[in-house]
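Nothing in this text is a laboratory measurement; each read-out follows from the coordinates by a stated rule. Small disclaimer: the values here were computed from a predicted structure and weren't measured. In this analysis, Cβ positions are derived from the backbone assuming ideal geometry, glycine residues included, and neighbour counts consider all displayed protein chains.
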Amino acid sequence: MGIPNILSIIRILLVPLFVTVYFSEIQFSNIYAALVYVVAGVTDMLDGLIARKYNLTSKLGKVLDPLADKLITFTVIICITIDKVIPLWAVVVFAVKELLMGLGGLIIHKKIADVPSSNYLGKSSTVIFFLVCTVLMVFRGIPADVANILIAIAIGFTLIAFCGYLTTFSKLIKSGKAE
């Protein structure tokens, strides 16, 4: 259990803290919740940097890191949907995409007994999604039309990354080995 995996576990533990802070009655709860989300984002960045720099990648890390990312991101998108910042369709699209990626990951793992690393498209869409959700939390007064456009852009990038994932998925299944 190296530092990258510990950072992923910390990110998982930030999920209930985020929900508690986001829906608390304290003044500026949205700012504090955004700070929790930023801490999660920093741990995500650090675990990847440390894992690559010190060659601390592991099969557990290849599962924990994306799991932590998905849990915090899904939690944030559900909370801002409950808070009526973004429409329900955004959660549905995100959930369907994640379900399909999870199923694809299981198929790849069963077929080749490995999990592929994340790629540039996936990382880029995660950063864009992170930035949009942070802006939507911090600036609660954003008009609904603008919030919808921002989340649509973020989900658009997520779907582009998903298409890249599908391409990688088909190549991995054909070749029988992870990249």
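Listed values, structure above:
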| item | result |
| --- | --- |
| Mean ellipticity per residue at 222 nm, deg cm²/dmol - from DSSP H runs of n ≥ 4 across the chain, formula -39500 (n - 2.57) | -28500 deg cm²/dmol |
| For 22, 37, 32, order by how many other beta-carbon atoms lie within 10 Å, fewest first | 32, 22, 37 |
| Label point distance in nm, residue 120-residue 23, each placed 7 Å from Cα along Cα→Cβ | 4.1 nm |
| Where labels lie 7 Å past Cα in the beta-carbon direction, separation of residue 67 and residue 170 in nm | 3.0 nm |
| Degrees, to the nearest 10: 59-82 long Cα axis against longest axis of the chain | 20 degrees |
| Degrees, to the nearest 10: 29-53 long Cα axis against longest axis of the chain | 20 degrees |
| Cut-off 19 Å (backbone N to label point 7 Å along Cα→Cβ of residue 142), residues of region 36-50 | 36-42 |
| Local electrostatic count at residue 72 - Lys and Arg +1, Asp and Glu -1, tallied over other residues with Cβ under 14 Å | -3 |
| The chain: angle of helix 144-175 to the longest principal axis, Cα-based, in degrees nearest 10 | 10 degrees |
| Added length on full extension, which subtracts the Cα-Cα distance from 0.36 nm per residue, residue 38 to residue 131 | 32.5 nm |
| Signed unit charges on C-beta, dipole axis of the chain, positive-most listed residue 165, 144, 10 | 165 |
| Simple Cβ-charge dipole of the chain, Lys/Arg +1 and Asp/Glu -1, about Cα centre, in debye nearest 20 | 680 debye |
| Options 22, 76, 60, ranked by Cα towards positive dipole end of the chain, top entry (Cβ charges) | 60 |
| Pairwise centroid distance, computed over Cα atoms, of region 122-179 with region 1-41, Å | 20 Å |
| Region 3-175: relative contact order in percent, alpha carbon pairs under 8 Å with at least 6 residues between | 26 percent |
